[in-house]
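Remarks on the structure that follows.
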Amino acid sequence: MPEPRVTVWNEYRHELDNPRVSAVYPQGIHAVIAESLRSHGLSEVRTATLDEPEHGLSAEALAQTDVLVWWGHKAHGEVQDEVVERVVTRVLGGMGLIVLHSGHFSKVFKRLMGTGCDLKWREATDKERLWVVNPGHPIAQGVGEYLELAAEEMYGEHFDIPAPDELIFVSWFTGGEVFRSGCTFTRGSGKVFYFRPGHETYPTYFHEGVQRVIANAARWAAPTASAPRSFGNRQPLEVLPAGDGQ
Ligand code: ZN
């Protein structure tokens, strides 16, 4: 099985207009995630950003993407509906999707979940510990019992998502909240993974464990070779008994 072709999509606005963010991610969050995927052996990695034509997600670009990684926050509303539709259609057809952090409010994620996707949040001095609650899952491979992030934004339950197919991580925060921070979903033929960490003012995407999870998820979310999806009226495979079809 060849390695999946990954596109790392980033809104790429905070890094350009907030010095606190550009101090952490001078080349953008997408550049750090792409480089970490390459260092984990995924050689076919490209990046795309909101302000590129068609947000860097043309039909051709998506056709050559097996797994799409999504980071967005302040400009969810600027993502064109036509591109959202294109991404959703590709996911239903089998493309993997990894939605990071504030991507919980992206049009793409909300469309695929069908719920409000809201949550509680706080930017303060919380530490986050992400407990692995599904140690046999490929996304948790090599992670150990938990990941610890010295400083992160808090996301708390209730997280308004449908019941996940699988829960991989549950986060605990210093303030006492918990959160379903690693969830898988299947939509059509596509696999979706939501992974919570990654507030733009913290160096979260440099964390070795976080990088490993995203690389594991890219491999897990890759399309499975199967028959193309087919719907509608069809002829029987066997000779049917005589009858009037009523
Ligand atoms: Zn955030």
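At a glance:
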quantity: Filter pass, Leu42 being under 16 Å from the mean Cα position of the chain (by Cα), more than 16 Å from His14 (Cα to Cα) and of a type in the set (A, V, I, L, M, F, W, C); calculated: no
quantity: Total residues in the range 226-246, condition small (Gly, Ala, Ser) and under 23 Å from Arg90 (Cα atoms); calculated: 4
quantity: Of residues in the range 74-106 being under 23 Å from Cys183 (Cβ atoms) and polar (S, T, N, Q), the one nearest to the ligand (Cβ to nearest atom); calculated: Ser102
quantity: Close pairs (7 angstrom Cβ cut-off, 6 or more residues apart or separate chains): within 27 Å of Gly94 (Cβ to Cβ) and within 13 Å of the ligand (Cβ to nearest atom) in the range 188-204, part of a strand (DSSP E or B) and among the charged types (D, E, K, R) anywhere; calculated: Pro197/Glu128
quantity: Test for Tyr155: is it within 28 Å of Glu15 (Cβ to Cβ), within 15 Å of the ligand (Cβ to nearest atom) and in contact with an Asp or Glu (Cβ under 7 Å, 6 or more places away or on another chain); calculated: no
quantity: Candidates Val24, Val67, filtered to the one that is in contact with a Phe, Trp or Tyr (Cβ under 8 Å, 6 or more places away or on another chain) and not charged (D, E, K, R); calculated: Val24
quantity: All positions within the range 115-152 that are within 16 Å of the ligand (Cβ to nearest atom), under 17 Å from Phe206 (Cβ atoms) and in contact with a strand residue (DSSP E or B) (Cβ under 6 Å, 6 or more places away or on another chain); calculated: Glu128, Leu130, Leu149, Glu152
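Every number here is computed from the coordinates shown, using simple stated rules; none is lab data. Keep in mind that this is a model prediction, so the values were computed, not measured. Cβ coordinates were reconstructed from backbone atoms using ideal geometry, including for glycine residues, and neighbour counts include every protein chain displayed.
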